[in-house]
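S.K.: Handing you a structure now.
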Amino acid sequence: QVQLVESGGGLVQPGGSLRLSCAASGIIFSLDAMGWYRQAPGKQRELVAVTTSGGSTNYADSVKGRFTMSRDNAKNTLYLQMNSLKPEDTAVYYCNVHRKIMGPSKTYEYDYWGQGTQVTVSS
């Protein structure tokens with residue numbers, strides 16, 4: 001079904017930029033929201049950016065103005081452009097698909113994750 005493969009991570013100096021990509025398969029456009037999460041060692045996975053039902057994007061306060069998420073439906077690819085990177089941005093970044101299926105009497109929700117790509121911002 002849903003398969004997600006992240007790429008584009010690496011080592012970058014503070015203030016630098018990286019562009020992450022998430023190649024997706026098995027996506028159902030009408031049912032799936034997509035986003036990016038990250039997890040630093042010893043910390044819980046946190047939201048970076050997610051799409052909304054209105055077609056807009058919600059960003060974590062810590063990345064607003066620096067990160068931009070975009071989606072190319074024709075290529076089934078989700079992107080995360082990261083600018084002005086800070087050491088605290090260091091984490092494994094994960095692509096996420098959230099599927100919501102409205103059944104006759106209840107809603108079914110599913111989350112799918114990629115393997116993650118490492119982003120390291122050195123000082």
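S.K.: In a GNM of the chain with a 10 Å cut-off on Cα contacts, which of A60, A74, A91 has the highest mean-square fluctuation?
M.R.: Between A60, A74, A91, it is A74 that shows the largest mean-square fluctuation.
S.K.: So, one more: Do any trypsin sites (Lys or Arg not before Pro) in the range 1-52 lie in a DSSP loop with no more than 12 other beta carbon atoms within 10 Å, and if so, which?
M.R.: Numbers: sites: R19, R38, K43, R45; in loops: K43, R45.
Filter output for the range 1-52: K43.
S.K.: If I stretch the segment between K75 and A33 completely, what's the gain in nm (0.36 nm per residue apart, minus their alpha carbon distance), one decimal? Walk me through the numbers before you get to the answer.
M.R.: Details: separation 42, 0.36 × 42 = 15.12 nm, distance 1.58 nm.
Result: 13.5 nm gained on full extension.
S.K.: How big is the charge dipole of the chain about its Cα centre, in debye rounded to the nearest 20, if each Lys and Arg gets +1 on its Cβ and each Asp and Glu gets -1 on its Cβ? Before the final figure, lay out each step's value.
M.R.: Values: 12 positive and 9 negative charges, 16 e Å.
In debye, rounded to 20, the chain gives about 80.
S.K.: What number, in percent, do you get for the relative contact order of the chain if the mean sequence gap of Cα pairs under 8 Å and at least 6 apart is divided by its residue count? Walk me through the intermediate numbers first.
M.R.: On the way: 286 pairs, mean separation 43.8, N = 123.
After rounding, I find 36 percent.
S.K.: Can you give me the % of accessible surface on the chain that is carbon or sulfur? Probe 1.4 Å, all protein chains present, nothing else counted.
M.R.: With neighbouring chains kept in place, the figure for the chain is 49 percent.
S.K.: Taking only protein heavy atoms into account and a 1.4 Å probe, give the accessible area per residue of the chain in Å². Intermediate results must be reported in sequence, preceding the final value.
M.R.: Details: 6920 Å² over 123 residues.
Accessible surface, normalised per residue, equals 56 Å².
S.K.: Of the candidates T51, T107, T90, which one comes out as most mobile in a Gaussian network treatment of the chain with C-alpha springs shorter than 10 Å?
M.R.: Maximum fluctuation in the GNM of the chain, among the listed residues, is at T107.
S.K.: Leaving out same-chain residues fewer than 8 places away, which lysines sit with a Cα under 20 Å from that of K64?
M.R.: Cross-link targets: K86.
S.K.: A further question on this structure: Select from Q13, Q81, Q44 the residue whose mean-square fluctuation is largest in a Gaussian network model of the chain (Cα-Cα springs shorter than 10 Å).
M.R.: Q44
The values are calculated or read from the model by the stated rules, or taken from the named source; none is laboratory data. Computed from a predicted model, the values in this text were never measured in an experiment. No Cβ is skipped: glycine too gets one built from the backbone with ideal geometry, and neighbour counts run over all protein chains shown. SASA here: full protein model, heavy atoms, side chains in, ligands and nucleic acids out. Shrake-Rupley method; radii C 1.70, N 1.55, O 1.52, S 1.80 Å.
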